[in-house]
Amino acid sequence: MGLFDKLRNELVDIIEWIDDSRHTIAWRFPRYQNEIKNGAELIVRPGQMAVLVHRGEIADVFEPGNYKLTTDNIPILSTIMGWKHGFNSPFRSEVYFVSTRQITDLKWGTPNPIMFRDPDFGPIRLRAFGTYSLRAEDPKALLKELIGTDSSFEADEISELMRSILITALADLLGESKVAALDLASRYGEFSEQLRKAVLERVDDEYGLDVPQLNIVNISLPEEVEKAIDTRSSMGVIGDMNRFQQFQMGNAMMAAADNPAGGGAADGMGLGMGFAMANQMVQSPGLSAPPAPPQATWHISVNGQAQGPYNDAQLIQMIQSGGVLATTNVWSPSLGQWMTAGQVPQLSGHFGAVPPPPPPG
């Protein structure tokens, strides 16, 4: 075998890509000294496209099929090289295979919360995560903008770019929608499609990528907002607070009756509650259970310790007797915070008021 025959046998004559990975977007075919034999066979399988690059210029793009690389199917290459004797010598070119199938198991999320102005809760922070799929749509744009001269291009290499585009588009979508946070979950499907289209507009022409699927799996609220929602839901489940308190009083009576060993205070408490309930049922015979006792709504701070609860009449009596001063800190659910008694409008008028004298005997 002569030297020429030996070199000719070392040239590439079959060009193909058997892809056994799930995340490779593009792969450059390795070749001996960049030389490809004239008449070499190019095999492009379903779910692939091949791009022939010669001296930095894209010569041609091949769809799935079986090709023989000659001047008959690569006229552009002959023009670029300008050979005088036709397409009879080995040529140095690069072949990139691009996967056009969907890469489906990609995930996205918000590393930092998105600020959102909610009509119910005001400014809050939202976090979101979901899934999406990618597919190469335009191999030329993908090769020019992202792949360059890399021998292999994986989906992980574009994940940061996709995440930033997704989060920016999501922030714009939430801000424009002006949907209350409590209603977001019912519109995941609608928002997912709108978000997919917004992301696609930013990656299709520029990077040659398609986003066939995009899903919002969850949009979560801050922990303190979730607790407030749980509290509100619990109050809605209870419903009528008076009837709920009546139910609790009945349970307490049954527990006292089932505890005969309690004696003393337990028996007295059960007897007293029985008389109280009987009296209330006589006054309101139409009720199946007695009405709730007056709600005690006030707490006072004494030496840094909370005492109470007291109802309005008890607190006013303590003010008149000097047990509660204008500088004493008080709290009630209606205030929502500790305040000095003299600052509370419904209490301030009782300081300095002279109590009426005892009635005549």
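Listed by chain and number, the aspartates and glutamates placed with their C-alpha closer than 13 angstrom to that of residue 107 are 156, 160; residues fewer than eight positions away on the same chain are left out.
Converting phi to 3J(HN,Hα) with the Karplus coefficients 6.51, -1.76 and 1.60 and the offset θ = phi - 60°, region 17-23 yields 9, 9, 8, 10, 9, 10, 10 Hz in sequence order, with x at every glycine or proline. Legend: ranking of residues 24, 231 from fewest to most surrounding C-beta atoms inside 10 Å; resulting order 231, 24. Debye-formula intensities of region 298-348, expressed as log10 I(q)/I(0) at q = 0.28, 0.30 Å⁻¹, are -1.26, -1.46 (one equal scatterer per alpha-carbon, no solvent).
Counting only aspartates and glutamates at least 8 places from residue 140 when in the same chain, those with an alpha carbon closer than 13 Å to its own are 57, 60, 63, 204, 205, 206.
Each residue of region 137-144 was assigned a 3J(HN,Hα) from its phi angle through the Karplus curve 6.51 cos²θ - 1.76 cosθ + 1.60 (θ = phi - 60°); the sequence is 10, 10, x, 5, 5, 4, 5, 6 Hz, with glycine and proline shown as x. Here the extension length gained between residue 58 and residue 164 equals 35.2 nm, from 0.36 nm per residue of separation less the Cα-Cα distance. Counting only Cβ charges, +1 for Lys and Arg and -1 for Asp and Glu, the dipole size of region 103-226 around its Cα centre is about 180 debye.
Using Cβ counts within 10 Å as a stand-in for footprinting exposure, how do 338, 331, 298 rank, fewest first?
Final ranking by Cβ density, sparse to dense: 338, 331, 298.
Backbone amide hydrogens, once placed in the peptide plane, bring residue 110 within less than 5 Å of 128, excluding anything fewer than 5 places away on its chain.
Each reported figure results from applying straightforward, stated rules to the coordinates on display, with no laboratory input. The shown structure was predicted, so the numbers you read here are calculated from the model rather than taken from an experiment. For neighbour counting, all protein chains shown are included, and Cβ atoms are generated from backbone atoms with ideal geometry for every residue, glycine included.
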